[in-house]
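These notes are about the structure you will find just below.
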Amino acid sequence: MQTTLTCIWKNLERGKLDSKFWAYEWTKHGTCMTRDQVKYFQLVIDLYKIYVFTLYPKLINMGVEANATSPYPLQKLNADLKGLLNGNTPEITCTRWQSSSTQLAEIRICFSKNGLTIMNCLTSGNSCKKDVYLLPSTTVKLMG
């Protein structure tokens, strides 16, 4: 399980251990849904497989793919994702890229406490500009 988590659920803060990130996620989200850590992290892996392996190809088919030379309209990205998530709004975060641009950092998909039902993310936390660059380093984060 740890090997799989190391591949799919990285700590995006430079120099920080993945295990510290997982401990934080367990404390913040996992303890609300179960007392069983193994069950929680297995659910994370299962949801990752379901949503990343199905959403990513659908986004590519819609023309949403990595491109360091031309940005993607944030409004269209929001609409595309909302359409794929049955009308639910994900949280999109960006980081500064080059001097005045932003790159997509994460797409956060929010779930109910049981971890089985997608819901609207309650926080906007949108650090993105009007258009965003989609680079290969973008991750999808599943939030409970």
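The values are calculated or read from the model by the stated rules, or taken from the named source; none is laboratory data. These figures come from a predicted structure and were not determined experimentally. Virtual Cβ from ideal backbone geometry, glycine too; neighbours counted across all protein chains shown. The protein model used for the area step is the full one, side chains on, heavy atoms only, and it has no ligands, DNA or RNA in it. Shrake-Rupley method; radii C 1.70, N 1.55, O 1.52, S 1.80 Å.
Summary table
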item	result
Above-threshold pairs, the threshold being 25 Å between Cα atoms, out of Lys10/Lys76; Lys39/Lys113; Lys10/Lys130; Lys20/Lys58; Lys49/Lys130; Lys49/Lys113	Lys10/Lys76; Lys10/Lys130; Lys20/Lys58; Lys49/Lys130
Hydrodynamic radius of the stretch 96-136 per Kirkwood, over alpha carbon pairs, in Å	12.1
Partners for Lys82 among aspartates and glutamates (Cα-Cα distance below 13 Å; same-chain residues under 8 apart left out)	Glu91
From the coordinates shown, volume of the Cα convex hull per residue in Å³ corresponds to which of (1) 110; (2) 160; (3) 224	(1)
The stretch 71-127 pair-distance distribution - Cα-Cα, 5 Å bins, rounded %	4, 18, 27, 23, 14, 8, 4, 1, 0
Degrees separating the helix 74-84 axis from the principal Cα axis of the chain, which is the longest one	50
The stretch 1-109, relative contact order in percent, only Cα pairs under 8 angstrom and at least six apart counted	13
Residue-normalised accessible area of the chain, expressed per residue, 1.4 Å probe, Å²	60
Heavy-atom accessible surface of the chain: percent carbon and sulfur, 1.4 Å	54
Inter-site label distance for Asn120 and Arg35 at 7 Å from Cα along Cβ, in nm	3.5
Relative packing of peptides 63-73, 96-106 - highest average C-beta neighbours within 10 Å first	96-106, 63-73
Stokes-Einstein D for the stretch 33-87, Kirkwood Rh over Cα pairs, 25 °C, 0.890 mPa s (µm²/s)	186
Helix 37-61 axis, angle to the chain major axis (alpha carbon atoms, nearest 10°)	20
Cysteines having no other Cys beta carbon under 4.7 Å from their own, within the chain	Cys7, Cys32
